[in-house]
Amino acid sequence: MKKPIGRKSYGSIAHLPNSRMGPSDHSISNGQALIATEKNRDRHDVVIVQEKLDGSNVGVAMLDDKIFALIRAGYEARTSPYQQHHEFDSFVKKNEDRFRSVLKNGYRICGEWMTDAHGTIYSLPHEPFVAFDIICGNNKRVPYFNFKEIIGDTFVMPHEISIGQPLSITDALNELGQFGKHGALEQVEGAVWRVERKGIVDFLCKYVRPDKVDGKYLFGERVLNTWVDR
């Protein structure tokens, strides 16, 4: 099998201090953590904090005017051994016009596919695809304000907790509350910090609560979230 874009669709996001990390995870530097959560460098730093959702990382790329549904590793979703990815492929085919409306050739939109419960069960008040990034052909992220403008009402985005100044982990989790803003029926997983500078995405980082158990619903019989169709 080949990867249509020749690479992974989406890389890993580094963790903030005290975030629950797996064996292959990595953390950001103390200086980056300070910028995201306590003190910016100067007025050019913009910190965006959003709810972290617990689903399958997927993407949709447009290459030579063709649309490809991708899993995180960069392979086509239709080749995945998992049923949820075949359902994502069907969703992309059904909604191809919507994806074309936000993509240029060489670009891809990345998001969370939430039909299946992974470590958190949801009763989603929206469709199961949530968009969190558009990535250009040079593998650079589109800045947040441009991303929001492009997406508009076409797709759901993760809940925006804060925008502008650094935000502490405690304040971010307090704003989300126990269940967050996307219909979680269990304690929310955490949050993602996005630091931009002069219109360029500088770095991302995340916090996952220490007692979060990854993929606890992925073993055995399939556990589905519920959602509201568009």
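The values are calculated or read from the model by the stated rules, or taken from the named source; none is laboratory data. All values reported here derive from a predicted model rather than from experimental measurement. Note that each Cβ is placed from the backbone with ideal geometry, even for glycine, and that neighbours are counted across all protein chains shown.
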Single condition residue 22 does not satisfy, out of (1) surrounded by 14 or more Cβ atoms within 10 Å (Cβ to Cβ); (2) among the small types (Gly, Ala, Ser); (3) more than 14 Å from residue 204 (Cα to Cα): (1)
Selection count where residues are of a type in the set (Gly, Ala, Ser) and under 15 Å from the mean Cα position of the chain (by Cα), scope the stretch 120-151: 1
Close pairs from the stretch 46-73: first among the hydroxyl-bearing types (Ser, Thr, Tyr), partner assigned to a strand (DSSP E or B) and modelled with pLDDT of 95 or more, Cβ under 6 Å, at least 6 apart: 56/113
Some residue of the stretch 1-8 being in contact (Cβ under 8 Å) with a residue 40 or more places away in the chain, buried (at least 22 other Cβ atoms within 10 Å of the Cβ) and over 17 Å from the mean Cα position of the chain (by Cα): no
Residues that are surrounded by fewer than 16 Cβ atoms within 10 Å (Cβ to Cβ) and assigned to a loop (DSSP other than H, G, I, E, B), drawn from the stretch 36-71: 38, 39, 41, 42, 43, 44, 64, 65
Residue, modelled with the highest pLDDT, within the stretch 25-35, restricted to residues that are of a type outside the set (A, V, I, L, M) and surrounded by 14 or more Cβ atoms within 10 Å (Cβ to Cβ): 32
Failed condition for residue 163, given (1) in contact with a Ser or Thr (Cβ under 9 Å, 6 or more places away or on another chain); (2) of a type outside the set (Asp, Glu); (3) surrounded by fewer than 18 Cβ atoms within 10 Å (Cβ to Cβ); (4) assigned to a strand (DSSP E or B): (1)
